[in-house]
Amino acid sequence: MVQGVKIHSKVAPKAQAELFTDGALKFLAALHRTFESTRQSLLVAREDAQRRYDSGVALDFPPETAHIRAEPSWHCAPPAPGLEDRRVEITGPTDRKMVINALNSGAKTFMADFEDSSAPTFSNMVNGQINLRDAIKRQIDFETGGKQYRLSENPAVLIVRPRGWHLDEPRITVDNQPISGSLFDFAMYFYHNAHELVKRGFGPYFYLPKMEHYLEARLWNDVFVFSQSYIGMAHNTIRATVLIETLPAAFQMEEILFELRNHSSGLNCGRWDYIFSFIKKRRADRSAVLPDRKDVTMTVPFMDAYVRLLIQTCHKRKVAAMVGMSAQIPIKNDPKANEIAMAKVRADKLREVTAGHDGTWIAHPLINAIAREVFDNHMLGPNQYYKLRSEVKVAAADLLSTNVPGQVTSEGVRENVETCLAYTAAWVGGNGCIPLNYLMEDAATAEITRVQLWQWVHYGMRIADTGVPISVESIDELIAEVAPGLGKIVGGLKSEDVNIAVEYLKGQIRRPWPSEFLTSDLMGYLAIRDGVEPALQRAAL
């Protein structure tokens, strides 16, 4: 055992034995000891920034970095092998079957997700790492229920999304401190696979979530430089795409690219988390109350401004401008409904490619053909970096616009309660990616529903179709009505987990401010179930 490193869970012992070699743990400890204090200071800076927003200070483009935005000569690194053409990217968790199906889907890349579509049980985290290692070595074939799963000859290029900077990994401590979930996910993947990936003609590629400041991107870049030196790899081999999924990050796109420029492969419109952040960061602003979730589309003014600015920024710096999730999944038993849903997918993809995006996300292999056809018809080359969108002029007011047509309806309130409870219960039970109403949902959807319900209660919004104000009591009644039927919506839910979800949502709508992250709030349940003593983990229950 490596000095100062303790593993507090015995789940998945075979995976742990293969993953937690002395070399891997020494690397993890080195990362923690080098970067943890910086991570903590950046998390404190987030809290300070939120207090400023609450006091009425408006978000704006940072004046201290105006010279970076104004300088036209700097560009990011050229596309790394396998990332030149990313027209369709499939995303999903890292269980063995999903990894094989996604890599075989026909999509250009697969974003293997340790973040929002994975509930971070220790079993999910360590077995996921083993699955990716085996996929890279082409040793992932397996059989279950009489069906064989084999990797194709030309699988999608692998990109990994670690957890965000805010999440601890309480099952491992270094010097009696929980380590960063980000650094754990990154370290295990990088240490075990980086050289093998390069040998096979690719490289260690990442998606970086939830950043709120360019200094958080600088921290990632410092981690990359340190890590490449540590294992004797050429600098600038790593590539990272940053998800612009927080409101503050939208004002710092160029700065984020600048910090990662030698390791950058672009930006992505993380649309669902972006809506969540728009509400959360402007929680003290009554004018920022949004209508039903279905009305907050990509064409409303603040979302449209964010998309146009991202495309312009990426192409100015010669990297990919990716776009977020198409969450639709096929509707097998209703051809007419499926046709309507797939028409929406086509329209969505057409809007994206004609706007200038270089690629799109899908959640299901059967959506690949639709997305691929639209992009093939309208993006003849590997990307659209040549579309500079120089006509785009986005001001701070555009990114902050609260002009969102729509209403708060009884149906919208009920759907939010139902979705929040169903997802939360599934997540606590170890499942971070569930189908709901023919959409593949992850934590971002639950976060939107949670903060919308808080926002509507906090500001006493009235339901448009009845005129009744939304209150703690009315949401409590809805929760009591919806909770008993959740098992019909999501299979396999345990009553204990439903009860946790119910009490959590009831607590959230009563808070003076909504919590930062559902996943942080509930991590303690997972840690205790994994065998971690309550005194050793930070997450509040």
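The values are calculated or read from the model by the stated rules, or taken from the named source; none is laboratory data. Worth saying up front: this structure is predicted, and the values here are computed from it rather than measured. No Cβ is skipped: glycine too gets one built from the backbone with ideal geometry, and neighbour counts run over all protein chains shown. Note: areas computed on protein heavy atoms with side chains; ligands, DNA, RNA excluded. Shrake-Rupley method; radii C 1.70, N 1.55, O 1.52, S 1.80 Å.
I need every pair where a residue in region 72-95 that is without any contact (Cβ under 8 Å) to a residue 24 or more places away in the chain has its Cβ under 6 Å from the Cβ of a residue that is open to solvent by 10 Å² or more (accessible area, probe 1.4 Å) and of a type outside the set (D, E, K, R), sequence separation at least 6 or different chains.
none
Here are some conditions: (1) open to solvent by 20 Å² or more (accessible area, probe 1.4 Å); (2) at pLDDT 95 or above; (3) out of contact with any helix residue (DSSP H, G or I) (no Cβ under 6 Å at 6 or more places or on another chain); (4) within 20 Å of residue 201 (Cα to Cα). Residue 67 meets all but one. Which one does it not meet?
All conditions are met except number (4).
Looking only at region 103-121, filter to residues that are of a type in the set (Ser, Thr, Tyr) and in contact with a helix residue (DSSP H, G or I) (Cβ under 7 Å, 6 or more places away or on another chain); which one of those is nearest to residue 524 (Cα to Cα)?
121
Quickly run through region 70-93 and pick out the residues that are aliphatic (A, V, I, L, M) and open to solvent by 20 Å² or more (accessible area, probe 1.4 Å).
Residue satisfying the conditions is 70 alone.
Mind counting the residues in region 378-399 that are of a type in the set (A, V, I, L, M, F, W, C) and either open to solvent by 30 Å² or more (accessible area, probe 1.4 Å) or free of Cβ contacts under 8 Å to residues at least 40 places away in the same chain (or both)?
Going through region 378-399 one residue at a time, the tally reaches 4.
Can you spot a residue in region 414-424 that is more than 29 Å from residue 335 (Cα to Cα), at pLDDT 95 or above and surrounded by fewer than 21 Cβ atoms within 10 Å (Cβ to Cβ)?
No, region 414-424 contains no residue that is more than 29 Å from residue 335 (Cα to Cα), at pLDDT 95 or above and surrounded by fewer than 21 Cβ atoms within 10 Å (Cβ to Cβ).
Just a yes or no: is a residue in region 158-173 assigned to a helix (DSSP H, G or I) and open to solvent by less than 20 Å² (accessible area, probe 1.4 Å)?
No, every residue in region 158-173 fails to be assigned to a helix (DSSP H, G or I) and open to solvent by less than 20 Å² (accessible area, probe 1.4 Å).
Among what's in region 126-142 and is without any contact (Cβ under 8 Å) to a residue 40 or more places away in the chain and open to solvent by 10 Å² or more (accessible area, probe 1.4 Å), pick the residue that is nearest to residue 185 (Cα to Cα).
That would be 131.
What are the residues in region 364-390 that are touching a Pro at 6+ places or on another chain (Cβ under 9 Å) and within 26 Å of residue 432 (Cβ to Cβ), if any?
364, 366, 367
Working only within region 19-34, note down all residues that are under 24 Å from the mean Cα position of the chain (by Cα) and open to solvent by 20 Å² or more (accessible area, probe 1.4 Å).
Answer for region 19-34, where residues must be under 24 Å from the mean Cα position of the chain (by Cα) and open to solvent by 20 Å² or more (accessible area, probe 1.4 Å): there is none.
If you check residue 369 against the conditions, is it touching a residue at least 40 places away in the same chain (Cβ under 8 Å), over 26 Å from residue 403 (Cβ atoms) and either open to solvent by 20 Å² or more (accessible area, probe 1.4 Å) or in the same structural domain as residue 511 (by the TED database) (or both)?
Taking the combined requirement at face value, the residue satisfies it.
Please specify each residue of region 90-131 satisfying the condition of being in a strand (DSSP E or B) and either touching a Pro at 6+ places or on another chain (Cβ under 7 Å) or in the same structural domain as residue 199 (by the TED database) (or both).
Within region 90-131, 90, 113 qualify.
Could you grab me the full set of residues in region 332-366 that are open to solvent by 10 Å² or more (accessible area, probe 1.4 Å) and within 16 Å of residue 85 (Cβ to Cβ)?
361
Please state which of the following conditions residue 157 fails to meet, knowing it meets all the rest: (1) over 27 Å from residue 244 (Cα atoms); (2) among the β-branched types (Val, Ile, Thr); (3) under 20 Å from the mean Cα position of the chain (by Cα).
(1)
Going by the conditions given, is residue 454 open to solvent by 70 Å² or more (accessible area, probe 1.4 Å) and either of a type in the set (Val, Ile, Thr) or not assigned by the TED database to the domain that holds residue 270 (or both)?
no
What about residue 469, is it open to solvent by 40 Å² or more (accessible area, probe 1.4 Å), over 28 Å from the mean Cα position of the chain (by Cα), in the same structural domain as residue 432 (by the TED database) and under 24 Å from residue 441 (Cα atoms)?
No: the conditions fail for residue 469.
Could you count how many residues in region 466-478 are in a helix (DSSP H, G or I) and not charged (D, E, K, R)?
4
Mind checking whether some residue in region 453-465 is assigned to a helix (DSSP H, G or I) and of a type in the set (Asp, Glu)?
There is no residue in region 453-465 that is assigned to a helix (DSSP H, G or I) and of a type in the set (Asp, Glu).
How many residues does region 37-55 hold that are open to solvent by 30 Å² or more (accessible area, probe 1.4 Å) and assigned to a helix (DSSP H, G or I)?
13
Looking only at residues in region 7-18 that are part of a helix (DSSP H, G or I) and among the hydrophobic types (A, V, I, L, M, F, W, C), which one is most open to solvent (accessible area, probe 1.4 Å)?
Per the criteria, the residue is 17.
Name the helices (runs of 4 or more DSSP H) wholly inside region 479-533 in which the number of residues that are open to solvent by less than 20 Å² (accessible area, probe 1.4 Å) is 3 or more.
Qualifying helices (runs of 4 or more DSSP H): 495-509, 518-529.
Residues 431, 437: which one is buried (at least 22 other Cβ atoms within 10 Å of the Cβ), of a type in the set (S, T, N, Q) and closer than 26 Å to residue 116 by Cα?
After applying the criteria, what remains is 431.
Please work out which one of (1) hydroxyl-bearing (Ser, Thr, Tyr); (2) outside any helix (DSSP H, G or I); (3) open to solvent by 10 Å² or more (accessible area, probe 1.4 Å) is the condition residue 207 fails and give its number.
(3)
Inspect region 108-125 for any residue being open to solvent by 10 Å² or more (accessible area, probe 1.4 Å), more than 19 Å from residue 432 (Cβ to Cβ), out of contact with any His (no Cβ under 8 Å at 6 or more places or on another chain) and modelled with pLDDT of 95 or more and give the result as yes or no.
So far as region 108-125 goes, yes, one or more of its residues are open to solvent by 10 Å² or more (accessible area, probe 1.4 Å), more than 19 Å from residue 432 (Cβ to Cβ), out of contact with any His (no Cβ under 8 Å at 6 or more places or on another chain) and modelled with pLDDT of 95 or more.
Sort out which residues of region 457-466 are open to solvent by 30 Å² or more (accessible area, probe 1.4 Å) and over 23 Å from residue 521 (Cβ atoms), and write them in order of number.
460, 461, 462, 464, 465, 466
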